[in-house]
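*Asks:* One structure, pasted below without further comment.
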Amino acid sequence: MSVLNKRFLLGNGAPIPALGFGTWQIPAGEEAYASVAAALTAGYRHIDTARAYGNEASVGAAITDSGLPRDDVFVTTKLPAEVKNYREAVDSFDESLAALGTGHIDLYLIHAPWPWHEMGADYATGNAEVWRALEEFEAAGLARAIGVSNFDPTNLEQLLDTAGTVPAVNQIKYHIGHRQAETVAYCQRLGIPVAGYSPLGTGRILDSATITTIADRYDATAAQLCIRYLIQNGIVALPKTTNATRMRQNADLDFEISALDMTALNALDGQRH
Ligand code: A2P
């Protein structure tokens with residue numbers, strides 16, 4: 001079975017395609033439109049964007065123009081990290097809905113537990129307030145599932161103090177050498193699936209000697225090994241590329257990394273390789 005047809009289950013029981021197409025840093029306009037159109041042509045059915053990427057309108061237009069039935073495409077977008085109050089959360093969500101033009105959002109995430117310029121700051125009260133807004137979007141059917149991104153166990157624990165709904169996903173940075181084992185274990189204990197952005201380490205790990213040596217054993221590229229690594233660890237993978245050939249390559253994962261190699265790759269955590 002092609003990985004493009006593989007589904008994991010969200011915390012609310014709904015399926016999510018295990019391989020998605022990330023659009024971070026793809027400029028709005030022709031580039032984002034063409035990339036998403038090419039990804040859909042290549043068979044991707046899960047597109048990940050964010051209000052902060054500035055490209056929701058182009059992403060949404062490509063989805064609409066693809067002619068695919070709406071329910072065949074899974075769309076994720078995110079509430080900007082800086083928004084930590086109810087009123088602005090409602091406004092931002094409405095803006096995302098209007099920009100995407102996809103009728104509903106399949107998965108809507110709090111982009112980060114703190115504004116980017118205050119990483120690590122305590123916004124527990126603000127997160128509780130915007131989560132209440134997200135719960136309303138879900139109840140109204142406008143967001144089919146809601147979740148968080150970049151939350152560590154402390155952030156999650158604080159959110160769960162007041163949350164009525166457990167996040168359906170936690171999207172975090174996850175790649176070989178950086179698998180955030182503590183956060184993933186915490187999420188797994190709570191039944192919160194994990195999605196991984198930057199599965200290629202934003203391209204920086206692709207020339208690692210360890211990764212290329214192991215990839216060679218499977219006649220795979222380093223990028224394919226990196227993406228397959230997430231899927232085998234049960235993590236939704238969200239690779240990004242603007243290159244149609246690479247899009248197809250990144251979805252051609254018809255091989256199985258051995259248990260021994262998975263152990264070796266897991267052991268690279270936090271190490272230079
Ligand atoms: P490009 O868009 O020019 O293809 P990540 O998904 O970890 O954020 O990594 C994205 C980076 O990896 C981008 O710079 C992208 O460049 C590059 N990339 C994506 N797929 C491949 C691939 N199959 N081979 C080489 N580089 C890739």
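The values are calculated or read from the model by the stated rules, or taken from the named source; none is laboratory data. Predicted, not measured: the structure shown is a model, and the values here were computed from it. As a convention, Cβ positions derive from the backbone with ideal geometry for all residues, glycine included, and neighbour counts pool all protein chains shown. Surface areas here come from the heavy atoms of the whole protein model, side chains and all, with no ligands, DNA or RNA. Shrake-Rupley method; radii C 1.70, N 1.55, O 1.52, S 1.80 Å.
*Asks:* So L265 ticks every box in (1) away from the ligand (no atom under 14 Å from the Cβ); (2) in a loop (DSSP other than H, G, I, E, B) but one. Which box is left unticked?
*Replies:* Here L265 clears every test but (2).
*Asks:* Could you check S66 against (1) within 22 Å of I235 (Cα to Cα); (2) open to solvent by 10 Å² or more (accessible area, probe 1.4 Å); (3) among the polar types (S, T, N, Q) and say which number it fails?
*Replies:* (1)
*Asks:* Do you know which residues across segment 192-217 are of a type in the set (D, E, K, R) and either surrounded by 15 or more Cβ atoms within 10 Å (Cβ to Cβ) or more than 10 Å from the ligand (Cβ to nearest atom) (or both)?
*Replies:* Listed by number, the residues that qualify are D216, R217.
*Asks:* Can you tell me which residue is nearest to the ligand (Cβ to nearest atom) among those in segment 165-191 that are more than 17 Å from N266 (Cα to Cα) and buried (at least 22 other Cβ atoms within 10 Å of the Cβ)?
*Replies:* Within segment 165-191, the match that is nearest to the ligand (Cβ to nearest atom) is Q171.
*Asks:* Related question: Any residue in segment 242-270 that's closer than 30 Å to L40 by Cβ: show its pairings with residues that are within 16 Å of the ligand (Cβ to nearest atom) and of a type in the set (K, R) at Cβ separation under 7 Å, as long as the two are six or more apart or on different chains.
*Replies:* From segment 242-270, the pairs are L253/R228; F255/R228; I257/R228.
*Asks:* Looking for something small (G, A, S), surrounded by fewer than 24 Cβ atoms within 10 Å (Cβ to Cβ) and in contact (Cβ under 8 Å) with a residue 40 or more places away in the chain - is there at least one such residue anywhere in segment 109-130?
*Replies:* Yes: segment 109-130 contains one or more residues that are small (G, A, S), surrounded by fewer than 24 Cβ atoms within 10 Å (Cβ to Cβ) and in contact (Cβ under 8 Å) with a residue 40 or more places away in the chain.
*Asks:* Same structure again: Going through A57, A39, A34 one at a time, which residue ends up being small (G, A, S), within 15 Å of the ligand (Cβ to nearest atom), in a helix (DSSP H, G or I) and open to solvent by 30 Å² or more (accessible area, probe 1.4 Å)?
*Replies:* Every option except A34 fails the conditions.
*Asks:* Quick one: in segment 80-99, which of the residues that are under 21 Å from G54 (Cβ atoms) and of a type in the set (D, E, K, R) is least open to solvent (accessible area, probe 1.4 Å)?
*Replies:* K84
*Asks:* Kindly indicate whether G29 is surrounded by fewer than 16 Cβ atoms within 10 Å (Cβ to Cβ) and in contact with a Ser or Thr (Cβ under 9 Å, 6 or more places away or on another chain).
*Replies:* yes
*Asks:* What do you reckon, is I16 buried (at least 19 other Cβ atoms within 10 Å of the Cβ), touching a His at 6+ places or on another chain (Cβ under 9 Å) and touching a residue at least 60 places away in the same chain (Cβ under 8 Å)?
*Replies:* Details: buried (at least 19 other Cβ atoms within 10 Å of the Cβ): yes; touching a His at 6+ places or on another chain (Cβ under 9 Å): yes; touching a residue at least 60 places away in the same chain (Cβ under 8 Å): yes.
In short, yes.
*Asks:* Considering only residues that are of a type in the set (S, T, N, Q) and closer than 20 Å to P115 by Cα, look in segment 152-164 and name the one that is surrounded by the most Cβ atoms within 10 Å (Cβ to Cβ).
*Replies:* In this case the residue turns out to be N155.
*Asks:* Something else now. Of the residues T102, T76, only one is part of a strand (DSSP E or B), among the β-branched types (V, I, T), in contact with a Gly (Cβ under 8 Å, 6 or more places away or on another chain) and crowded, with 16+ Cβ neighbours inside 10 Å; which?
*Replies:* Testing whether each residue is part of a strand (DSSP E or B), among the β-branched types (V, I, T), in contact with a Gly (Cβ under 8 Å, 6 or more places away or on another chain) and crowded, with 16+ Cβ neighbours inside 10 Å leaves just T76.
*Asks:* Out of all the residues in segment 184-221, which are aliphatic (A, V, I, L, M) and part of a loop (DSSP other than H, G, I, E, B)? Please lay out each step first, then the result.
*Replies:* First pass over segment 184-221, keeping only residues aliphatic (A, V, I, L, M): 184-185, 190, 192, 194-195, 200, 205-206, 209, 211, 214-215, 220.
Listed by number, the residues that qualify are I192, L200, I205, L206, A220.
*Asks:* OK, next. Which is at pLDDT 95 or above, of a type in the set (A, V, I, L, M, F, W, C), touching a Phe, Trp or Tyr at 6+ places or on another chain (Cβ under 8 Å) and within 16 Å of the ligand (Cβ to nearest atom), of A220, A244?
*Replies:* Values: A244 fails: touching a Phe, Trp or Tyr at 6+ places or on another chain (Cβ under 8 Å).
Of the residues listed, the single one that is at pLDDT 95 or above, of a type in the set (A, V, I, L, M, F, W, C), touching a Phe, Trp or Tyr at 6+ places or on another chain (Cβ under 8 Å) and within 16 Å of the ligand (Cβ to nearest atom) is A220.
*Asks:* Related question: I'd like the full set of residues that are more than 10 Å from the ligand (Cβ to nearest atom) and either in a helix (DSSP H, G or I) or among the basic types (K, R) (or both), limited to segment 223-241.
*Replies:* Matches in segment 223-241: L225, R228, Y229, L230, I231, Q232.
*Asks:* If a residue has to be of a type outside the set (K, R), assigned to a loop (DSSP other than H, G, I, E, B) and away from the ligand (no atom under 16 Å from the Cβ) to count, how many in segment 1-28 make the cut?
*Replies:* So the answer is 7.
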